[in-house]
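Here's the structure we're looking at; comments come further down.
The values are calculated or read from the model by the stated rules, or taken from the named source; none is laboratory data. Small disclaimer: the values here were computed from a predicted structure and weren't measured. Backbone-built Cβ (ideal geometry, glycine too); neighbour counts: all protein chains shown. Side chains included, ligands, DNA and RNA excluded: accessible areas come from the protein's heavy atoms. Shrake-Rupley method; radii C 1.70, N 1.55, O 1.52, S 1.80 Å.
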Protein chains: 4
Amino acid sequence: MTLIGARLAHVAPGDVVIEMPVRAELEQQHGYVHAGACWSIADSAAGYASQTLMGPDDGVLTVELKINLLAPAGGDLLRAHGRVERAGRSLMVARSDVFAVDGGTERHVATTLGTFMVMPGLKDRT
Amino acid sequence: MTLIGARLAHVAPGDVVIEMPVRAELEQQHGYVHAGACWSIADSAAGYASQTLMGPDDGVLTVELKINLLAPAGGDLLRAHGRVERAGRSLMVARSDVFAVDGGTERHVATTLGTFMVMPGLKDRT
Amino acid sequence: MTLIGARLAHVAPGDVVIEMPVRAELEQQHGYVHAGACWSIADSAAGYASQTLMGPDDGVLTVELKINLLAPAGGDLLRAHGRVERAGRSLMVARSDVFAVDGGTERHVATTLGTFMVMPGLKDRT
Amino acid sequence: MTLIGARLAHVAPGDVVIEMPVRAELEQQHGYVHAGACWSIADSAAGYASQTLMGPDDGVLTVELKINLLAPAGGDLLRAHGRVERAGRSLMVARSDVFAVDGGTERHVATTLGTFMVMPGLKDRT
């Protein structure tokens, strides 16, 4: 779940915001952020949101994640908002939305829906 | 998009609610509604929400839809709430949530994310 | 998992084919099969394929299933071919393809990818 | 679609294999490849496979992609095999499988299903 350069901007039970400055190495040739970076921050936001509803020693594993890419992602910062839709004993269903922040404007660039598995006692492994 | 027995309970631009009474033929052997019926009403809600943002003669086609089944669906009524996440010229991205209504209680039984295609001039065909 | 009117045409470990005659009540107004019926047979094929790799008393539960609708489904028969991609201890990942059979011709009408949960000792409940 | 360090290992109509050596910067703290890198190579393989069935000047855009992560990805090399399931005039449906190659052994680590859009005349933009 570690994403170098990203930081937790908001953490509440089942609701997490992650922000990641856009660095040159995340950009493809046209100045947009690689879709894989969008997927990663979206996965992290939904996964962390899931983890807030697990036990303190539980790890989280992404079972699957579907992403719809809505617009090219550019700007200064990517912001991902993850929310849990259903918290089960062994599985969590969560979604996330990614926004590209450029100066004062925010653009919705991706939306996801995914499934996460509770890994009892494996917090440090994931 | 026609779903026999369903009715539009709310229609606003990009935001639609559909309700469908639970009939015996939609139930499987344990009294729960078939997951295929959940998928259908979820698809209809997201598809209709997409269509509200199209031209008056445009039809809508489901390209793909992912559903997470959250809980068994039972009760008197299924209610599906569809919302458009992004309206494009040729494609719409929409999500929907399905609730099982039993007396005065409502239970979140499914959530979806999907892609819908604008079919210019084909409103009566879909 | 029961789908009235469907029959198992082929069963091997992790590989199942289901066939369902197209009946009038599955058709929408243009003579095509409802997408919800496609989803149901696709879900059943992938779910049964998953169950062949579980213990004899285990039930199977659909966690999530994504379907891409490729072409309108019509004809005499829907045939769904489900295959397991990975068999885990608690989760199975499976895909399925749906074909519309009309006389001697077969048309690929849907493809899916989904996640199924092992329900130990709950074979009769699902 | 460019993925630094990746190479096309096989190209046939609707069928593409991409290989990417595992570099240190793609690894997370436990020596496994970041899931975002798996998503990227899977997206590239399915997207390139789609592009082989388009016109010579057409670009390809990922509309959406669902990935199931099957096992941790490690080893020397990631190999992704993309295949088109249906080629339409404006949309392509494609899937891909990712394998982690370690010495002589190959492990299936991810499977995907996605939708790609034909971008007429925009080959250099994507």
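Here are some notes:
- Surface accessible to a 1.4 Å probe, residue C:15 within the full protein complex, Å²: 40
- GNM flexibility winner over chain A from A:64, A:19, A:85 (Cα, springs under 10 Å): A:64
- Peptide A:88-98, shielding by other chains (average Cβ, 10 Å cutoff): 3
- Comment: the Cα-to-Cβ extended label point of residue B:88, at 7 Å, lies 1.1, 3.0, 3.1 nm from its counterparts in the other copies, nearest first.
- Neighbouring Cβ atoms from other chains, within 10 Å of the Cβ of residues in A:17-23, number 0 on average.
- Tilt relative to chain A, helix A:35-51 - C-alpha long axis, 0 to 90 degrees, to 10: 30
- Taking only the alpha carbons of the protein assembly as shown, we obtain Rg and Dmax values of 21.5, 61 Å in that order.
- Derived scalar couplings between HN and Hα for the stretch D:68-78 equal 9, 8, 9, 6, x, 9, x, x, 8, 8, 9 Hz in order, rounded to whole Hz, by the Karplus curve 6.51 cos²θ - 1.76 cosθ + 1.60 (θ = phi - 60°), x for Gly and Pro.
- Computed on chain C, with alpha-carbon pairs under 8 angstrom and 6+ residues apart, the relative contact order is 28 percent.
- Computed helical MRE - 222 nm, chain B, DSSP H runs ≥ 4 contributing -39500 (n - 2.57), nearest 500: -4500 deg cm²/dmol
- Pair residue D:89, residue C:23: separation of 7 Å Cα→Cβ label points (nm): 3.7
- In this structure, the amide hydrogen of residue A:70, modeled 1.01 Å from its nitrogen in the peptide plane, lies closer than 5 angstrom to those of A:110, A:111, counting only residues at least 5 positions away or on a different chain.
- Förster radius 35 Å - calculated FRET efficiency between residue A:77 and residue D:76, Cβ distance, rounded to 0.05: 0.50
- For chain D, the alpha carbon convex hull comes to 94 Å³ per residue, rounded to a whole number.
- Per-residue ³J(HN,Hα) for the stretch A:110-123, Karplus 6.51 cos²θ - 1.76 cosθ + 1.60, θ = phi - 60°, Hz, x for Gly and Pro: 7, 9, 9, 9, x, 10, 10, 9, 6, 10, x, x, 10, 4
- Exam field: residue C:121 pseudo-label spacings to other copies (7 Å along Cα-Cβ), nanometres: 2.1, 6.3, 6.7
- In this structure the amide hydrogen of residue C:119, modeled in the peptide plane, comes within under 5 Å of the amide hydrogens of C:59, C:60, C:61, none closer than 5 places in sequence on its chain.
- Partner lysines for residue C:66 [C-alpha distance under 23 Å; skip if fewer than 8 residues away on the same chain]: A:66, B:66, D:66
- Remark: label point of residue D:8 defined 7 Å out from Cα along the Cα-Cβ vector; separations to the same position in other copies 4.4, 4.5, 4.7 nm, ascending.
- Residues whose placed amide H lies under 5 Å from that of residue C:77, excluding near-sequence neighbours: C:22, C:101
- Max mean-square fluctuation residue, GNM over chain C, Cα-Cα springs under 10 Å, options C:80, C:45, C:37: C:37
- Sequentially through the stretch A:13-20, phi angles give Karplus couplings (6.51, -1.76, 1.60; θ = phi - 60°) of x, x, 8, 9, 10, 10, 10, 9 Hz, Gly and Pro residues having no value and appearing as x.
- When chain B is treated as a GNM with alpha-carbon contacts under 10 Å, the residue of B:103, B:14, B:88 showing the greatest mean-square fluctuation is B:103.
- Check: chain D dipole with +1 on Lys, Arg Cβ and -1 on Asp, Glu Cβ, in debye: 280
- Inter-chain Cβ neighbour count for C:105-117, averaged per residue, equals 4 (cutoff 10 Å, partner chain atoms only).
- Exposure rank, largest accessible area first [D:122, D:113; 1.4 Å]: D:122, D:113
- For the protein assembly as shown, a crude dipole built from +1 on the beta carbon of Lys and Arg and -1 on the beta carbon of Asp and Glu, taken about the Cα centre, is about 0 debye to the nearest 20.
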